[in-house]
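Beneath this line is the structure, given in structure tokens, with notes to follow.
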């Protein structure tokens, strides 16, 4: 029964999408039980507005089906991360902070507590003007991003996120520059486990528990998504591990 398993809510963008299976394996290992996973994630995902990557469009996290699902399955643990993605699309720090505050309020109303992941400030500061321009063109080619403005907004958002986490009873996990390689905003593949262990540490359990990967049945498909302008989706949970862990993707 879903009501008898620990629940884990994960909100984020690219890093969460790339590390979702690993994050769940870490949480499962630490708690020694199957998990009911509810994830709002996606490449380029926004907390507040619709995001589009190639032919795929997803609603903002605060407008997705996660919240209706939580009315039936209140979470016990949550991680909110990848906050800086919206800044690259031109959203001001104060607006992203307002979205974050509403996210934490809505999770808190269901009894959830957990951690907020910080921005990769040190990693961003470490790259020069020409390298910044290279990554801008590689990751956000259509966005007129200015390095100094982005850094200023990122520093402001980091401060606001720290304050919100403290005021609302959440842990804040600062980003570690050793999690990143040449790419200044995505966890390096070889360092993802280190990053996710740190981000999930405030959620408790046996911190050094070894991972026990489990075979997955079903595909990770969204409850609601638009592809080539066509609205589609599938019922959740959409996938299951051999140990009984379920995945719902919003």
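None of the figures in this text is laboratory data; all of them are computed from the coordinates on show. Computed from a prediction, not measured in an experiment: that's the story for all the values here. Glycine gets a Cβ as well: all are built from the backbone with ideal geometry, and neighbour counts include every protein chain shown.
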Which one, 215, 161, 21, has the greatest fluctuation when you compute a Gaussian network model over the chain with C-alpha springs under 10 angstrom? 215
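Extension gain residue 139-residue 217, at 0.36 nm per residue separation less the Cα-Cα distance, in nm?
Details: separation 78, 0.36 × 78 = 28.08 nm, distance 3.16 nm.
Result: 24.9 nm gained on full extension.
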Given R₀ = 22 Å, what would the calculated FRET efficiency be for residue 151 paired with residue 178, taking r from the Cβ atoms and rounding to 0.05? 0.65
DSSP beta bridges in the chain, what fraction antiparallel, as a percent rounded to 5? 40 percent
When you take every Cα atom in region 1-96, what is the radius of gyration, and what is Dmax, the widest Cα pair distance, in Å? 14.1, 43
At 7 Å along Cα-to-Cβ for each site, give me the label-to-label distance between residue 243 and residue 122 in nm. 3.1 nm
How big, in percent, is the set of alpha carbon pairs in region 4-51 lying more than 18 Å apart? 33 percent
Just the Kirkwood number for region 40-98, please: inverse of mean 1/r across all distinct Cα pairs, in Å, one decimal. 12.5 Å
Give me the angle, in degrees from 0 to 90, between the Cα long axis of helix 147-167 and the longest principal axis of the Cα atoms of the chain, rounded to the nearest 10. 40 degrees
Rh (Kirkwood; distinct C-alpha pairs) - the chain, Å: 18.4 Å
Enumerate the whole-percent occupancy of each 10 Å bin, from 0 to the last occupied one, for all C-alpha pair distances of region 87-142. 18, 37, 28, 15, 2
Which residue, 29, 209, 97, tops the fluctuation ranking in a GNM of the chain built on C-alpha contacts under 10 Å? 209
Which of 132, 172, 27 ends up with the largest GNM mean-square fluctuation for the chain, with Cα atoms connected below 10 Å? 132
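Once the Cα gyration tensor of region 191-250 is diagonalised, what are the square roots of 5 times its eigenvalues, in whole Å and ordered largest first, as equivalent ellipsoid semi-axes?
Details: eigenvalues 170, 47, 20 Å².
Each semi-axis is the square root of five times an eigenvalue, giving 29, 15, 10 Å.
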What does the convex hull of the Cα atoms of region 48-170 come to per residue, in Å³, rounded to a whole number? 103 Å³
Report the antiparallel proportion of the DSSP beta bridges in region 1-85 as a percent, rounded to a multiple of 5. 25 percent
Given all pairs of different Cα atoms, what value in angstroms does the Kirkwood hydrodynamic radius of region 149-241 take? 17.1 Å
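Compute the length gained on full extension between residue 228 and residue 53: take 0.36 nm times their separation in residues and subtract their Cα-Cα distance, giving the result in nm to one decimal.
Values: separation 175, 0.36 × 175 = 63.00 nm, distance 1.08 nm.
Taking residue 228 through residue 53 to full extension adds about 61.9 nm, to one decimal.
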